[in-house]
Amino acid sequence: MNKKAILVGFVLIVSTMVNGCAANHELPTMASRSTRNNVFSEISNSEAKKDEAITNIEFSVKSISLRMFEFYAKHSDPPFRVYLNIDGQTTILDTEPVLEKQAPAGSNTSESGTGWRYQFNKRIAIAPGKHKLTIMIPVDNVTVERDIELHAGVNTITLIPIYKKISSRPHRRQHFSGGVRTLEIKIN
């Protein structure tokens, strides 16, 4: 009887995980649809023009797909990507993660512990003014929309992850192993 209950429980857990991941496959398709392609252009450091808003987009996040003993799996299907849509034009922020074994100062922070560090960076040129920014993280089923205003010159959009609270660590509040709940957007 106990073995049957354990087997049924295991099957339920695995099917829930598979269904959750399968549902996330639709988000990248929806997010990657651009309705326009003339809103911004991706640039390198030397391509800046005078009357443009040169915008650096920065996002550092720690994540883990699965942990078994001392094995830490990164996201691969789907990969951990960020879809950025500004006024109907979409670009994908993509990077290779680095396994971060050292915890930041203080073991009570939301990013303490071993996990994969994703450091996303993109530089775009866009017309100064008001724009609608939509950020999607399909792996965590997160979509954040915000109206922004960019000025001529250099601007920086910093995305700060707000992690989910996980039940196994109620005393630690949010933790990266629970995934991203939402994003805080700062513009300088």
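Bear in mind that the values in this text are calculations on the coordinates, not laboratory data. As the structure is a computational prediction, the values presented were derived from the model and not from experiment. Note: ideal-geometry Cβ built from the backbone for every residue, glycine included; neighbour counts use all protein chains shown.
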For the pair Lys50 and Ile166, what calculated FRET efficiency results from E = 1/(1 + (r/R0)^6), where r is the Cβ-Cβ distance and R0 = 45 Å, to the nearest 0.05?
0.40
Quick one: which residues, 5+ away or cross-chain, put their amide H under 5 Å from the amide H of Glu52? H built at 1.01 Å from N.
Gly153
